[in-house]
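Please read the structure below before turning to the comments.
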Amino acid sequence: MPLPQTPDDAQEAPAVSTRRRRRLTRWLVASALAAILALAAPPPRMEPLASAAGAPAPAGALAAPHPAVTTHSITVRDTVVRYTATAGEEPLTDRAGKPEAAVFFVAYVRQDAADPSRRPITFAFNGGPGAASVLLHLGALGPKRVPLLDHGVPPTPSTRWSDNPYTWLTFTDLVFVDAVGTGYSRAAAGVPDSTFFQPDGDARSFAQFIQRYIAETHRQASPVFLAGESYGGTRAILLARLLHDAGIDVSGLILISPVVDFATLNSQYRNPGRSMDLAYALDVPTYAATAWYHKKLGPEFPDLAAAVHAAERWAVTEYLPALVQGDALPAPAQERIAQALSQYTGIGEAVLRAQRLRLLPTAFRRELLSDQHLQISALDGRIAVDPRAAHAASTTGLMTPLAAIFERYASTELGYARPDRYQALSERVERDWTWGVRGPADVLDVTGDLRDAMQQNPAMKVLVALGYFDLTVPYYGTEYALNRLALAPALADNVIRRYYESGHMLYTSQASLEKFTGDAAALIASATAPAHHP
């Protein structure tokens, strides 16, 4: 799921509190001033988990409902897939054995596996921070699926789910995990939110959950995979290192629209006045893709590939050097850059000059189809909606009905009912989340963590799935981060990049979902294939 909402999204959704706006402004001021230092400094090593993390919870642990275990079957391509579903909570403790949290999960285990103890198992989660795992669960990977954002129309609370012919259950068991503060996961009484509402504490809670689940279900021989979307991809990278230190080598990462280096994100999320030149340049290829889709580019770009590849080259070879010069850029060069930027984005030169040749995603979304009185969605550049109804295509507009749908699904299909509400998107987590534990500038960059994880575990495969029309985490920013991994050629080959003609949730269209499922199946098959030595 996306990061905190853009200013336009804040207008589309309920008003953001004054306190939250102040927090966001302070965040960016600190991060922008010291971003270079943060990128240069290696992240601190995370302290290993206690070796007893997989032991049963001690007496006095946080009380939780008994897990609900049910059996089901679906038919996928003429094959009947029988599986067991377990919905429940796993207690987490601190090093002294004191209860800290209860983490809600739903696990799907195929029943007819030849050797269940060695079948691949994938732990999946969304990001936010503040998003539960329901999007990946009911939108893409699970055995049941709800259609999402068809032409900008989200599901309604009464929408029904149906069998998912693209479920990953055909090639891996699945465990969907909700971060503390989201879904039904919660901290124990007296445990401060700051324990979990920051990158390392969040990652540690997931690592302890995975250790406990593997130990309690006797899955030590199973290849372990992590699938994370948006900030969930960030979390997966942190987890790969942390689990290695705890004795669990991850066989593969599946990173969906991930944020690898937060300095590549345009600070529309914080304070537009402090955006970095790098982020402006890295946004251009996504602008080009979106403008091409809406037929706002000239005939020199006959297809999507021509548009994005030309925009990538221009953004880093001409546009970024021009931005670095700032006010010192000569007038003829300013005119040349304005013309080219208009050519690649479909935005008029007058608008670009008024913004000093720096185009925020919010402005791009507002301006591209202004002649048609339409606004582009931040989640998917292909979606254009009436600005007065834009809330429906926003993060909040999508997640609100999913919460009600999941509550019905959990109670009717999984036999798991709760009196409290399922928090699909937690404003409290988003509001109280802190980044400072990862560096003095509050800019999170997990490039080094990914490099370390791959060097520590050379067999680990990484699939990076990117949507061309993602205006929340533009794909070229992730490309930039991956191009800085500095891996040996043999390790570099383990990073597989795949591109989809879709947005942030690249599985919202059937064609992209089918392709994505095939790419994930191929990654898991490759990572679990017997090693062949010459």
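Quick check: from the Cα gyration tensor, does segment 374-435 come out rounded (a/c under 1.5), prolate or oblate? Can you show the working numbers first?
Values: a/c = 3.13, a/b = 1.58, b/c = 1.98.
Cα axes put segment 374-435 in the oblate bin.
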Neighbour-count ranking for Asp178, Asp200 (other C-beta within 10 angstrom, fewest to most) reads Asp200, Asp178
Between the modelled labels at Thr159 and Asp277 (7 Å from Cα along Cα→Cβ) the distance in nm is 4.3
Final fewest-first order of Phe225, Phe301 on the 10 Å Cβ neighbour count is Phe301, Phe225
For Ile383, other-chain or 5+-apart residues with amide H closer than 5 Å (H placed, Pro excluded) are Ser377
Of all C-alpha pairs within segment 350-462, those more than 16 angstrom apart amount in percent to 77
Along segment 224-241, Karplus-curve 3J(HN,Hα) (6.51, -1.76, 1.60; θ = phi - 60°) to the nearest Hz, with x for Gly and Pro, reads 9, 10, 10, 10, x, 10, 6, 5, x, x, 4, 4, 4, 5, 4, 5, 4, 5
Rounded to the nearest Å, the spacing of the alpha-carbon centers of segment 221-249 and segment 384-436 is 25
Fewest-first ordering of Asp78, Asp115, Asp445 by Cβ atoms within 10 Å yields Asp78, Asp115, Asp445
From the Cα centre of segment 120-184 to that of segment 319-375, the distance in Å is 37
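With r defined as the distance between the Cβ atoms of Ala306 and Ala350 and R0 fixed at 22 Å, what FRET efficiency is calculated, to the nearest 0.05? Intermediate results must be reported in sequence, preceding the final value.
Numbers: r = 26 Å, r/R0 = 1.19.
The formula returns an efficiency of 0.25 here.
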Env charge @ Val308, Cβ radius under 15 Å, K,R +1 / D,E -1, value -2
Karplus ³J(HN,Hα) for segment 350-355 (6.51 cos²θ - 1.76 cosθ + 1.60, θ = phi - 60°; Hz, whole; x = Gly/Pro) runs 4, 5, 5, 5, 5, 9
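With a sphere of radius 14 Å drawn around the Cβ of Leu138, what net charge do the other residues whose Cβ falls strictly inside it have (Lys, Arg +1; Asp, Glu -1)? All intermediate terms of the calculation are to be shown ahead of the outcome.
Numbers: positive: Lys144, Arg145, Arg160, Arg408; negative: Asp163, Asp178, Glu229, Glu407, Glu413.
Taking every Cβ under 14 Å from that of Leu138, the sum is -1.
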Diffing segment 383-389: the Karplus 3J(HN,Hα) column from phi (6.51, -1.76, 1.60, θ = phi - 60°), in whole Hz with x for Gly and Pro, holds 8, 10, 9, 5, x, 6, 10
Stokes-Einstein D for segment 191-310 (25 °C, 0.890 mPa s, Kirkwood Rh from Cα pairs), in µm²/s, comes to 141
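Here, each number is a calculation from the coordinates, and none is a lab measurement. Predicted model, so just to flag it, every value in this text is computed and none were measured. Every residue, glycine among them, receives a Cβ derived from its backbone with ideal geometry; neighbour counts consider all protein chains shown.
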